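The values are calculated or read from the model by the stated rules, or taken from the named source; none is laboratory data. Because the structure is predicted, anything quoted here is derived from the model rather than measured. Don't worry about glycine lacking a Cβ; one is built from the backbone with ideal geometry, like all the others, and counts go over all protein chains shown.
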Amino acid sequence: MKKTKRTPAGEALTGLILDFFRLNSLIQTSGDRLVARLGLTSARWQILGAILAAERPQPVAWLARDLGANRQNVQRIINDLEREGLVTFETNPHHRRAQLVVLTEKGQRAFDEAMDLQAPWVNNLSDGLSVKDIATVDRVVKAMRARLQYQDEREAPA
């Protein structure tokens, strides 16, 4: 079997992907520390943000899709958030079993407090980085994500 060699771009992208893995781990750890005193984790904070970003209440499966996350993991975290009074469930008029997830006032306060902590953190992290460079990385990441999503859709069983 002939072994395919990486192109120069493939080699560079492999290094970038490995850096993304490391960066993701560092961001998760830093985020966990940042919001720990609020009783949140990075994952909980991210889900609260997804609930807020949705135009209207969504079922867990849709939130998971929007996050690019596993539905079961999102469901587990949302169940924890519900037990702590940060979210509640409402009846979904379009689907009996897929309840809608709604942020409570307590959940909104927790998210707002997390964002108050995030502003100085991200300002410090971005110090010395140019907006132009950040925009370039953003374009590359979005292009990679779009290609992977397209590839996943084409490979999904019919």
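For segment 101-158, enumerate the residues that are part of a loop (DSSP other than H, G, I, E, B) and either touching a residue at least 12 places away in the same chain (Cβ under 8 Å) or surrounded by 12 or more Cβ atoms within 10 Å (Cβ to Cβ) (or both). If you could, list the steps in order and put the result at the bottom.
So the first thing to find is which residues in segment 101-158 are part of a loop (DSSP other than H, G, I, E, B), and the list is 104, 127-130, 156-158.
Of everything in segment 101-158, just one residue is part of a loop (DSSP other than H, G, I, E, B) and either touching a residue at least 12 places away in the same chain (Cβ under 8 Å) or surrounded by 12 or more Cβ atoms within 10 Å (Cβ to Cβ) (or both), namely T104.
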Only one of L38, L13, L23 is closer than 28 Å to K106 by Cα and not basic (K, R), namely L38
How about segment 12-55: which of its residues are assigned to a helix (DSSP H, G or I), of a type outside the set (G, A, S) and under 13 Å from the mean Cα position of the chain (by Cα)?
N24, I27, Q28, R44, W45, Q46, I47, L48, I51, L52
Need pairs with beta-carbon distance below 7 Å; first residue of a type in the set (D, E, K, R) and within segment 1-29, second assigned to a helix (DSSP H, G or I); sequence gap 6+ or separate chains.
R6/T14
What are the residues in segment 57-83 that are without any contact (Cβ under 8 Å) to a residue 40 or more places away in the chain, hydrophobic (A, V, I, L, M, F, W, C) and surrounded by 15 or more Cβ atoms within 10 Å (Cβ to Cβ), if any?
W62, L63, A64, L67, A69, V74, I77, I78, L81
Scope segment 1-15; condition surrounded by 10 or more Cβ atoms within 10 Å (Cβ to Cβ) and among the charged types (D, E, K, R); matching residues:
R6, E11
Please work out which one of (1) farther than 17 Å from W45 by Cβ; (2) charged (D, E, K, R); (3) modelled with pLDDT of 95 or more is the condition K106 fails and give its number.
(1)
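Among L18, L86, L26, L52, which is touching an Asp or Glu at 6+ places or on another chain (Cβ under 9 Å) and either surrounded by fewer than 18 Cβ atoms within 10 Å (Cβ to Cβ) or under 30 Å from N123 (Cβ atoms) (or both)? Show your work before the answer.
Values: L18 fails: touching an Asp or Glu at 6+ places or on another chain (Cβ under 9 Å); L26 fails: touching an Asp or Glu at 6+ places or on another chain (Cβ under 9 Å); L52 fails: touching an Asp or Glu at 6+ places or on another chain (Cβ under 9 Å).
Exactly one of L18, L86, L26, L52 is touching an Asp or Glu at 6+ places or on another chain (Cβ under 9 Å) and either surrounded by fewer than 18 Cβ atoms within 10 Å (Cβ to Cβ) or under 30 Å from N123 (Cβ atoms) (or both), namely L86.
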